[in-house]
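See below for the structure under consideration.
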Amino acid sequence: MDKEKVSEDDVGIKARSVLWYLTFIGFAMNYMIRININIAIVDMISPEFKSKAVTSSECFSTNITMSKNESLMFDHSARFVSFEKRILDYFGVEYERDGFKWDAKTQAEVLAAFFTLHFATQLPGGILAQKFGTKLIFGFSNFFGCITCMLVPIAAYYSFYALFWLRLVQGFVAGAAWPAMSHLVGRWIPPNERSKFVTAYIGSSIGVSICYPIFGFIIQNSSWENVFHFCGIVGTIWYVLWQYFVYDSPESHPRIHEKEKLYILQSLGSSVVRGEKPKYRTPWKAILTSIPMWMNIVAQWGGVWGLFTLIAQAPTYFRFVHGWGIEMTGVLSGFPHLLRVIFSLIVSTFSDYLLSTNKMSRTNVRKMASFICLILNGFFVIGLAFSGCDVFIAVLLLTISLMLHGSVSSGALASVVDISPNFAGVSLGINSTFSTFSGFISPMIVGYLTSGRQHNVEPWKYVFLICATMQITCGIIYILFSDSTLQPWNKPIEEEQKAENVMEIKTKKLDKNFNEKFNRHDEERLTR
C-alpha cells in the first residue's frame with residue numbers, strides 16, 4: 001500500500017469536491033451575515049436622517065443628493081408591507097413606521113456591533129473544532145448567524161439596543177467559523193491540493209459580490225425586512241446540505257468511495273493523527289514560540305490590513321473624492337471580489353502544479369504567493385495613493401490590488417495547515433485573533449486622517465501609503481523568515497506516547513527490583 005500509489009481516476013464525484021463547494025458557500029454565508037445590514041440600513045433609516053449636502057473636492061463639485069431610485073426606496077407607504085409590520089399592526093404595537101430616527105453615530109454603532117466581539121471566538125473556534133469537529137462548529141456558527149437574521153427586523157422595531165445586542169451575539173458566534181475550517185482541511189485534504197481547496201475561503205468574496213445586488217433587488221421590490229428573511233432561508237438550506245454531506249474525517253464518511261479514502265489517507269500519511277475524535281494535548285508553548293507560526297501571523301496582519309482598508313474605505317473614497325453615486329460604488333464593491341476569486345483559483349492551480357511535480361518546495365510556493373498578495377499588491381496601492389483625480393487609473397489600480405489579494409489562499413492561509421495539520425484550527429485561531437485587530441486599527445487611522453477632510457485627495461494619499469507600507473513590510477518579513485514545512489510540534493501524541501513508554505519501562509524495572517528483593521528476603525527467611 002505504501003509503495004504503490006492509489007489511483008482515484010474512476011471515483012466519480014469526490015467527497016472532497018462536494019466538501020469544497022459546501023465550504024465555499026459556507027464562507028459566502030458567513031459574509032452574507034455580516035454585510036446584509038450594510039445595504040439594508042439605507043432603507044431602514046427615516047428620510048429626514050438621510051444627509052443631503054453640497055460638497056466639493058479637488059476632483060469635482062456637485063450636489064450629493066438622493067437619486068430617483070434612492071428616493072423611491074424611502075417611499076415606505078407605496079411598497080410591500082412586511083410580515084413584522086403586519087404583526088405589530090395586528091397587536092396595536094407602536095413602532096417607527098416610516099423609518100428609524102438614527103443619527104450618523106447610531107448608524108455607525110449598528111454597523112460596528114457585529115465586529116465588537118468577533119475577534120473573541122477566533123481561538124476558541126479552533127480549539128472547539130479540534131475537540132468536537134468542524135462539522136459541528138463551522139455548521140453551527142453559520143447556521144446560528146443566518147437563522148438569527150430573521151430576528152433582526154423585530155429586534156430593530158423593539159429598540160436600538162435589542163438590535164445592537166443581537167448583532168453583537170451574531171458576530172461573536174460567527175467568529176468561530178474561520179479557524180474551525182482549517183482543522184477540517186488538515187484532516188481531509190492531501191498536501192498537494194491544499195492551495196486549491198483553501199480557495200473555498202474566498203467564497204467570502206462571492207458573498208460580497210453577489211449578495212449586494214440581490215439585497216438591492218429585494219429591497220427595491222419588497223422591503224428591507226425580507227433581506228434578513230432571505231438570509232435565514234438560504235442559510236437553513238445550506239445547513240441541511242452541510243449536515244448530510246459533510247463529515248469530520250474520510251474514515252467517518254459513510255458514502256465516500258473506498259479508493260478516494262485510501263488516496264487521502266496515503267497522501268496525508270502520519271502527518272495527521274487519525275481516529276474519530278483523537279485525544280491529544282495542544283502544545284501551546286511550542287506553538288506560541290514557533291517562528292513559522294508567527295510568520296503566518298505577520299503575513300495575515302499585512303493582508304487583512306490591506307483588504308479591510310480597501311473594502312471598507314474605497315466606496316467612501318470614490319463617493320466623496322470622485323463624486324460617484326451609490327449605483328457605481330455598488331458595482332465597485334462587487335466586481336473586484338469576483339476577480340479575486342478567479343485569480344485565487346488560477347494561482348492555487350499553478351501552486352498545486354508546482355508542488356505535485358516537485359518543481360518548487362512548499363515553503364517557496366507559499367513565499368511566491370505571499371509576494372503577490374503583499375509586496376506586488378502594495379506597489380499597486382502606492383500607485384492608487386498617487387492617482388490623484390484620475391478616476392480611471394484609481395479604479396484600475398484598486399481592482400488589480402483586490403484581485404492580487406486572492407493569492408492569499410496559496411500563501412499564509414495554506415501554510416497554516418502545512419506546518420501542522422493536527423493543530424491547524426488552533427493555529428488559525430491565534431492567527432485570526434491578531435489579524436482581526438488590524439481590521440479594527442486601520443479604520444481608526446483612516447477616521448483620524450480623513451476627519452473633516454473626506455473630500456480632499458491629500459489625506460487619502462496617506463491612507464493608501466500607510467496601507468502599502470504595511471503590506472510590503474509584512475511581505476518582506478514573511479519571505480525572509482517563513483517556513484512551511486511540517487513542524488515537530490505537529491505530533492505531540494508521539495512524544496506523550498514515548499513518555500508513557502519510558503514510564504512503563506521504569507515501572508517494570510522497579511517491579512523487577514522489588515520482586516528480586518522480595519525473593520531474596522524469602523530465601524534468607526527460609527534458610528534461617
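With the simple spin-label model, which puts each label point 7 Å out from Cα in the Cβ direction, the Thr316 to Phe132 separation comes to 3.7 nm.
Report the calculated FRET efficiency for Val11 and Tyr244 (r = Cβ-Cβ distance, R0 = 22 Å), to the nearest 0.05. Intermediate results must be reported in sequence, preceding the final value.
Working: r = 19 Å, r/R0 = 0.88.
Using R0 = 22 Å, I get an efficiency of 0.70.
On full extension, the segment bounded by Phe335 and Ile41 gains 103.7 nm, given 0.36 nm per residue less the C-alpha separation.
Surface calculation, 1.4 Å probe, protein heavy atoms: Trp20 sits at approximately 50 Å² accessible. In order along region 18-29, the phi-based Karplus estimate (6.51 cos²θ - 1.76 cosθ + 1.60, θ = phi - 60°) of 3J(HN,Hα) comes to 4, 4, 4, 5, 6, 5, 4, 5, x, 5, 4, 4 Hz; Gly and Pro are listed as x. The string of couplings for region 247-256 from the Karplus curve (6.51, -1.76, 1.60, θ = phi - 60°) is 9, 6, 7, x, 5, 8, 7, x, 10, 6 Hz, one whole number per residue in order, with x for Gly and Pro.
Computed from the C-beta positions of Asn456 and Thr106, the FRET efficiency with R₀ = 30 Å rounds to 0.70. Within the accessible area of region 374-486, the carbon and sulfur atoms contribute 76%, probe 1.4 Å, all protein chains present. Amide H contacts of Phe100: Ile45, Ser46, each under 5 Å away and 5 or more positions distant or on a separate chain (H built 1.01 Å from N in the peptide plane; Pro and chain starts excluded). Computed over protein heavy atoms with a 1.4 Å probe, the accessible surface of region 98-160 works out to 41 Å² per residue. On the basis of the beta-carbon distance and an R0 of 30 Å, Leu288 and Ile445 show a calculated FRET efficiency of 0.60. Residue-wise HN-Hα couplings along region 416-428, as the Karplus relation 6.51 cos²θ - 1.76 cosθ + 1.60 with θ = phi - 60° gives them from phi, are 4, 7, 4, 6, 6, x, 5, 10, 4, x, 5, 4, 5 Hz; Gly and Pro carry x.
Packing-based ranking of 353-361, 396-404, 365-373 yields 365-373, 396-404, 353-361, ordered from highest to lowest mean Cβ neighbour count within 10 Å. Working from label points 7 Å from Cα in the Cα-to-Cβ sense, the Thr116 to Cys389 distance is 4.3 nm.
The values are calculated or read from the model by the stated rules, or taken from the named source; none is laboratory data. Fair warning: this is a prediction, and the values are worked out from it, not measured in the lab. As a convention, Cβ positions derive from the backbone with ideal geometry for all residues, glycine included, and neighbour counts pool all protein chains shown. Ligands, DNA and RNA are stripped out before the accessible areas are found, and what is left, the full protein with its side chains, is counted by its heavy atoms. Shrake-Rupley method; radii C 1.70, N 1.55, O 1.52, S 1.80 Å.
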